Amino acid sequence: MLLQRVLFLPLVTQWNRHATQNLIPRFPAVRLTGFRSNSSLPGAKEQTLIAVKPDGVQRRLVGQIIRRFEQKGFKLVGLKMLQVSEELLSQHYCQLTRKPFYPSLVKYMTSGPVVVMVWEGQDVVQSSRLMVGPTNPAAAPAGTVRGDFSLHVSRNVVHASDSLEGAQREIQLWFQGKDLVKWDCWDQTLTCEE
């Protein structure tokens, strides 16, 4: 045993030092002196609104939905639970107010609390739409939120902004600027290219 320590320990130590010196330059995003701000990442400031609708809240799916967005690598910058007013809904669904199903939509959306969130990340709007799946759960593939959890087109668990412009409008409706938290998420420096 003593012979092994005398012969192999210097070799292992020398190899570890050499391997470490060769590995660190290959990963320039990782800095040993601290974490960088993600503000220089392309698309990192894109934000979207995700809302867990009353059926998702009642079925206790909020945690599972949050988990999917966290696992994807998006950063949560806003979160609140509220009972939605008809006034807010009329602004949020302004393009649907003349549709015949609008009264039942309002009744459904005011039937219980809603959890609204703002997520930030690279291409977060488009990626979120793919993660959520089509409005009709019958057309939503397994693995999407609606494909896995939705029961009917009128009870489709979650809302996701459909465009960057729509996301900006919706975020301003549901959140005040002070409600959104600006913070550096260290893993975004590891998972996004500069």
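Would you kindly state how much longer the chain becomes between residue 99 and residue 85 on full extension, computed as 0.36 nm times their sequence separation minus their alpha carbon distance, in nm to one decimal?
Numbers: separation 14, 0.36 × 14 = 5.04 nm, distance 1.89 nm.
Extra length available between residue 99 and residue 85 comes to 3.2 nm.
Quick one: with all protein chains in place, what share of the accessible area of the range 71-194 is carbon or sulfur, to the nearest percent (1.4 Å probe)?
Its accessible area is 53 percent carbon and sulfur atoms.
Please report the net charge: other residues with Cβ closer than 14 Å to the Cβ of residue 94, K and R +1, D and E -1. Provide the component values of the computation, followed by the final result.
Numbers: positive: 98, 99, 169; negative: 86, 87, 162, 165, 170.
Value of the local net charge: -2.
Around residue 111, with a cut-off of 14 angstrom between Cβ atoms, what is the net charge of the other residues, counting Lys and Arg +1 and Asp and Glu -1?
Neighbour charge sum, excluding residue 111 itself: +2.
On a full-extension model of 0.36 nm per residue, what is the gain between residue 70 and residue 176, subtracting their alpha-carbon distance, rounded to one decimal in nm?
Full extension from residue 70 to residue 176 adds 35.9 nm.
What are the ³J(HN,Hα) couplings of the range 138-155, residue after residue, when phi is run through the Karplus curve with 6.51, -1.76, 1.60 and θ = phi - 60°? Round to Hz, x for glycine and proline.
So the Karplus estimates, Gly and Pro as x, are 5, 9, 7, x, 4, x, 8, 4, 6, x, 8, 10, 6, 9, 7, 4, 8, 9 Hz.
The values are calculated or read from the model by the stated rules, or taken from the named source; none is laboratory data. Just so you know, these numbers come straight off a predicted model, no measurement behind them. Glycine also receives a Cβ, built like all others from the backbone with ideal geometry; neighbour counts cover every protein chain displayed. Accessible surface is based on the protein model in full, side chains and every heavy atom, while ligands, DNA and RNA are left aside. Shrake-Rupley method; radii C 1.70, N 1.55, O 1.52, S 1.80 Å.
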